[in-house]
Amino acid sequence: MGTYIITGATSGIGEATSLQLIREGHTVLAIGRNKEKGSSLESSGEGRLYFFPVDLADSSAIDAFFEETQEDFPEIDGIFNNAGTFGKPVAPERVSDQQKEVFQVNYHAPERIIQLATKRFSKGASIVNNSAIVGHVKFPAMLLPYASSKSALLTLTKTYAARFHGKYRFNAICPGPVDTALSHALYGGKDKFDLAMKHHLRGEPAQPSEIAEVVCFLLSSKASYINGQALIVDGGYTLT
């Protein structure tokens with residue numbers, strides 16, 4: 001069984017992936033900001049989930065996490081860089097330094113996590129980055145920093161895959177709409193989200209557990225021949 005780092009683990013896709021990995025018998029180092037939810041997950045994690053309250057907007061907090069876990073978890077078998085933020089909607093010509101946090105959480109945090117984790121990767125370790133569907137389709141101009149940061153993750157993924165020549169695997173998932181609090185906020189509220197989903201090819205969004213299944217597959221040895229890829233998981237959403 002392996003040891004996996006999951007960011008954004010206290011809700012949505014991150015939570016679903018953490019729970020799926022635990023059911024498969026793995027150990028999860030769950031990173032999030034919601035201490036109450038994190039403690040709850042840890043309590044129900046059958047002794048295989050360890051919650052760490054880490055603010056990914058603070059690079060020093062990421063460094064501290066790796067120092068704190070070095071002794072107890074010297075080997076890492078995989079990472080799911082899932083956490084993300086979209087910031088405050090603003091016209092692209094008015095994007096300011098206030099949007100830097102979006103890039104810090106969505107791009108620089110995964111970048112730093114990978115940099116530090118390479119020293120502890122087991123043979124064949126697998127890394128999955130959540131790039132979201134925005135890396136492949138036109139996205140609302142008011143959310144340019146979010147779309148740009150997620151697109152940058154695709155380049156990061158392919159660069160690292162080529163860098164390690166198959167020693168470790170790096171892939172990205174690009175989910176379409178998923179029934180999560182973040183998705184609801186992107187659409188301006190759950191009611192607007194539900195209305196928009198009526199136009200989805202299958203008439204409804206994905207549930208977090210559906211995306212988690214794909215992530216767990218990519219993290220596993222079953223996906224040993226998949227490397228440097230960006231997998232769209234959208235139920236046909238981009239067809240429309």
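The values are calculated or read from the model by the stated rules, or taken from the named source; none is laboratory data. Keep in mind it's a predicted model, so treat the numbers as computed, not measured. With ideal geometry, Cβ positions are generated from the backbone for all residues, glycine too; neighbour counts draw on all protein chains shown. We work out accessible area using only protein heavy atoms, side chains counted, and drop any ligands, DNA or RNA first. Shrake-Rupley method; radii C 1.70, N 1.55, O 1.52, S 1.80 Å.
In this structure, does F164 turn out to be modelled with pLDDT of 90 or more, more than 14 Å from P110 (Cβ to Cβ), surrounded by fewer than 19 Cβ atoms within 10 Å (Cβ to Cβ) and among the aromatic types (F, W, Y)? So that I can check it myself, show each step before the final result.
Details: modelled with pLDDT of 90 or more: yes; more than 14 Å from P110 (Cβ to Cβ): yes; surrounded by fewer than 19 Cβ atoms within 10 Å (Cβ to Cβ): yes; among the aromatic types (F, W, Y): yes.
The answer is yes for F164.
Take the residues of the stretch 185-240 that are in contact (Cβ under 8 Å) with a residue 60 or more places away in the chain and of a type in the set (S, T, Y): which is farthest from I13 (Cα to Cα)?
S224
Which of the residues that make up the stretch 125-168 are under 17 Å from the mean Cα position of the chain (by Cα) and assigned to a loop (DSSP other than H, G, I, E, B)?
S131, A132, H136
Could you list all residues from the stretch 75-100 that are open to solvent by less than 50 Å² (accessible area, probe 1.4 Å) and not β-branched (V, I, T)? Quick ask: steps written out before the conclusion?
Narrowing the stretch 75-100 to residues open to solvent by less than 50 Å² (accessible area, probe 1.4 Å): 76-87, 90-91, 99.
Matches in the stretch 75-100: D77, G78, F80, N81, N82, A83, G84, F86, G87, A91, Q99.
Under the condition of being part of a helix (DSSP H, G or I) and of a type in the set (D, E, K, R), which residue from the stretch 101-124 is surrounded by the most Cβ atoms within 10 Å (Cβ to Cβ)?
For the stretch 101-124, the residue satisfying everything is E111.
Any idea which of A196, A181 is at pLDDT below 90, open to solvent by 70 Å² or more (accessible area, probe 1.4 Å) and either farther than 25 Å from Y225 by Cβ or of a type in the set (S, T, Y) (or both)?
Details: A196 fails: open to solvent by 70 Å² or more (accessible area, probe 1.4 Å).
Sole residue among the options that is at pLDDT below 90, open to solvent by 70 Å² or more (accessible area, probe 1.4 Å) and either farther than 25 Å from Y225 by Cβ or of a type in the set (S, T, Y) (or both): A181.
Among the residues in the stretch 213-225, are any assigned to a helix (DSSP H, G or I), modelled with pLDDT under 95 and open to solvent by 20 Å² or more (accessible area, probe 1.4 Å)? Break it down stepwise before answering.
Of all residues in the stretch 213-225, those assigned to a helix (DSSP H, G or I) come to 213-219, 221-223.
Keeping just the survivors that are modelled with pLDDT under 95 gives none.
Checked the stretch 213-225: no residue is assigned to a helix (DSSP H, G or I), modelled with pLDDT under 95 and open to solvent by 20 Å² or more (accessible area, probe 1.4 Å).
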